[in-house]
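Below is a structure I'd like to ask you about.
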Amino acid sequence: MDRPSVGGATELLLLYVMSVVAVAVAVSAPTSSSSSPASPGSDSSAVTLAGVSNSTGQINSNSVLVALLDSRYTELAELVEKALLLPSLEAAVGRHNLTIFAPRNEALERDLDPEFKRFLLEPRNLRSLQALLLYHVVPSRIASGVWPQARHPTLAGDHLHLEDNKVGLAAVAHPDAVIRPDGVIHGIERLLVPRSVQEDFNRRRSLAAISAVLPTGSPEVDPRTHRLKKPAPPVPPGAPPVLPIYDALAPGPSLAPAPAPGPGSGKHWFDGESQVKDFIQTLLLYGGYNEFADILVNLTSLAVEMGRLVSEGYVLTVLAPSDDAMGRLTADQLSEPGAPEAIMYYHLIPEYQTEESMYNAVRRFGKVRYDTLRLPHKVVAREADGSVKFGSGEGSAYLFDPDIYTDGRISVQGIDAVLFPPDETPPATPLSPAARKAELAQVKSKSKLKTKLRRGKLFEMGCNLLGVLGQRSNFATCQ
């Protein structure tokens, strides 16, 4: 059988033990064969285990601990060294015989859960590793020939239950694998894990899972409807589809969204308040329209009215000015009573329009007038630079954030300026009686002058006609 590879410290230990064995053979009586167990202490020479400087106990060169280092169970021996258990095991060997249930190297290298192995090798879990290793050591000699079916205490303080060719949940693959005067090693197929270590591992793993903060991305928006994606409710296996298949089909690129149904006899067909909250939340998450959303929610009761309109089947198109546009408003424009409501009403169109439908309309008709909720004022739309331009002159605004929110009933289009209705023509001031007489006289003189000019023009045309016809006698009167 090939000797497994061990570390450099173990090689020095074996050389040191071999030299001591040579001296012990020369000065002491030979020990019994390895097949028949001998009484502990039969070898009078003793050495201190290499690498342990603070150990008080001593073991002889034929000890079971030395045999553990030079056996098929070197993985277990390395764990014993990492757990700093050599002094404790030396003291236990000095007091009584030991029985070590050693898992094979494959069980510790390949069959052990990597997460559990990483837990055992962490420095903060040293006590758990020590308890695990001492759980494999029984402070009494148990040979395979007299295998008692009972519970035996271990050096960890727990008990192991022994049955026929089985210890705990592990089968004994190599009974009496190593026999020494102060102990015996039985090879088992798997690692034995005490309940205390398993509970500690589960507790640490659950705490790590709780303390970890899972990264969450930004809210997702459905590119087809421009609405926030909400998590679908759980569907049991085998249940029919929640939505019909035609609702899952995306419309073609050339199709404009179908208009929502108009108001009819039925009331509250739709949950308008939830839809208004949804589009305001979309504005806030989209960014750049916080001022407009703040006016809708806090300064006016317009959001409630919009919810009621949508609940009854009406549709709305909202022209939303950006934060930069709202920042250009002066205090005088907002300080007048009812000014915020008047501004907001002028940006609400009682139609369902998208960027595509408005652009197609202005391309076809040149100029389109849309009704607003601020009656009787209308907003004028034109085509400009491949986009839609609202208003005229300095008070115009371009559509630069199209289709922020479109759900078939509410459409939100972002514009870069605040719109104001054109100024109304001022009423005529009443005239004094003298001014009214002067105006009437001027009108009469203008009418007389027009009549005289008209008559002179007709006379000249008649004379020219007579001259053409050759009636000289009548033409002479025209001279």
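A short reminder: the numbers here are calculations on the coordinates, not readings from a lab. Keep in mind that what you see is a predicted model, and the values were worked out from it rather than measured. Backbone-built Cβ (ideal geometry, glycine too); neighbour counts: all protein chains shown.
Evaluate the relative contact order of region 290-423 (contact order divided by residue number), counting alpha-carbon pairs under 8 angstrom at least 6 apart; express in whole percent.
Rounded, it is 27 percent for region 290-423.
In Å and whole numbers, how far do the C-alpha atoms of region 346-418 stretch along each principal axis, longest first?
So the extents along the principal axes, rounded to whole Å, are 31, 28, 23.
Now a separate question. What distance in nm separates the simple spin-label points at residue 334 and residue 274, each placed 7 Å from Cα in the Cβ direction?
3.3 nm
Using label points projected 7 Å from each Cα along Cα→Cβ, tell me how many nm separate residue 232 and residue 198, to one decimal.
Roughly 3.9 nm, to one decimal.
Tabulate in residue order the Karplus-calculated ³J(HN,Hα) for region 225-232, using 6.51 cos²θ - 1.76 cosθ + 1.60 with θ = phi - 60°, rounded to whole Hz; enter x for Gly and Pro.
Taking θ as phi minus 60°, the curve returns 10, 6, 10, 5, 7, 10, x, 6 Hz for region 225-232.
Additional query: What residues have an amide H closer than 5 Å to that of residue 98, excluding those fewer than 5 places away on the same chain, when H is modeled at 1.01 Å from N in the peptide plane?
Result for residue 98 returns 183, 184.
Right, another one. Taking the highest mean first, how do the peptides 357-367, 83-93 order by number of other beta carbon atoms within 10 angstrom per residue?
Answer by packing, highest mean first, reads 83-93, 357-367.
5 Å is the cut-off here: which amide hydrogens, built 1.01 Å from N in the peptide plane, fall below it relative to residue 405, excluding neighbours closer than 5 in sequence?
412
From the Cα gyration tensor of region 276-365, with a ≥ b ≥ c the square roots of its eigenvalues, which class applies: rounded if a/c is under 1.5, or else prolate if a/b is larger than b/c, or else oblate?
Note, shape of region 276-365 comes out prolate.
Would you pull out the residues with amide H under 5 Å of residue 416's amide H, same chain only if 5 or more places away, H placed 1.01 Å from N?
398, 400
Separate question: What FRET efficiency do you get for residue 106 and residue 285 if R0 is 60 Å and r is their Cβ-Cβ distance, rounded to the nearest 0.05?
Approximately 0.60, to the nearest 0.05.
Still on this structure, please answer the following. Using R₀ = 51 Å, calculate the FRET efficiency as 1/(1 + (r/R₀)^6) where r is the Cβ-Cβ separation of residue 442 and residue 222; round to 0.05.
Plugging the Cβ-Cβ distance into 1/(1 + (r/R0)^6) gives 0.15.
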